[in-house]
Amino acid sequence: ARSVDVGMVDALLSQTELLRTMDRQLGAPHLTDQMRAHLATLQDVLTFAVLPAARRPVARALTGAATLAAWQALDVGAAERAWRHYELAKSAARDADEPALLAHAMGEQAYVLADAGKPDLAVTLVREAQQVQTHRLPPRLVAWLAAAEAELYALAGEADQCRRALDRAAAALPPGAEAREP
């Protein structure tokens, strides 16, 4: 528990970003074992972080790593593994008290349902994600969730709903060149 400090969390976040970069360059199949080990390390650190001040940053880091692992699992067609990683991400986001991370994990998890041939349920999940403490969600996340909703409506064959969701996404997208929010 004493070894959990800002430096350790920063190192774990850096490792997640390295894995994200490698994923873009090499693809998910090459990173399965590394990602599994990284998640296990983060889970161990979170398990032994005692105080909320130490747990929250680790839980935030675990959320980001778990959503990356889930997306990689989707890339290789491992839907059940993706679902479990998203459940881990949602749990960690709640532990971190980070509604934006929870909404993001829910929005991405909807794609597992879409891949499973359940676009209507996927739409419902992404709409639920949009209701997670809306006053605390960053504008780009709000826009992304609306765009994801539009995509899922398109898969469900709901053209009018798709257009309305796209309009909401465009309206929510803030001006500026910033591609990512913290």
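Considering every residue within region 39-50, establish whether at least one is closer than 21 Å to Glu87 by Cα, aliphatic (A, V, I, L, M) and surrounded by fewer than 11 Cβ atoms within 10 Å (Cβ to Cβ). Taking every residue of region 39-50 in turn, at least one turns out to be closer than 21 Å to Glu87 by Cα, aliphatic (A, V, I, L, M) and surrounded by fewer than 11 Cβ atoms within 10 Å (Cβ to Cβ). Going through (1) among the small types (Gly, Ala, Ser); (2) in contact with a helix residue (DSSP H, G or I) (Cβ under 6 Å, 6 or more places away or on another chain); (3) open to solvent by less than 30 Å² (accessible area, probe 1.4 Å); (4) under 25 Å from Ala114 (Cα atoms) one by one, Ala79 falls short only on (3).
If you go through region 150-179 and keep only what is within 23 Å of Pro119 (Cβ to Cβ) and of a type in the set (A, V, I, L, M), you end up with Ala150, Leu152, Ala154, Leu155, Ala156, Ala159, Ala165, Leu166, Ala169, Ala170, Ala172. Here Gln133 clears all of (1) surrounded by fewer than 20 Cβ atoms within 10 Å (Cβ to Cβ); (2) farther than 24 Å from Thr63 by Cβ except the condition numbered (2).
For region 116-123, check the following and say yes or no: at least one residue is closer than 25 Å to Met22 by Cβ, part of a helix (DSSP H, G or I) and open to solvent by 40 Å² or more (accessible area, probe 1.4 Å). The answer is no; no qualifying residue exists.
Taking region 1-28 as the search range and keeping residues that are part of a loop (DSSP other than H, G, I, E, B) and either open to solvent by 60 Å² or more (accessible area, probe 1.4 Å) or farther than 26 Å from Ala53 by Cβ (or both), which one is modelled with the highest pLDDT? Among them, the one singled out is Gly27. Against the criterion of being crowded, with 17+ Cβ neighbours inside 10 Å and among the acidic types (Asp, Glu), Glu158 qualifies.
The values are calculated or read from the model by the stated rules, or taken from the named source; none is laboratory data. Fair warning: this is a prediction, and the values are worked out from it, not measured in the lab. Here the Cβ is made from the backbone with ideal geometry for all residues, glycine too, and neighbour counts use every protein chain on show. Quick note on the areas: whole protein, heavy atoms, side chains included, nothing else; ligands and nucleic acids left out. Shrake-Rupley method; radii C 1.70, N 1.55, O 1.52, S 1.80 Å.
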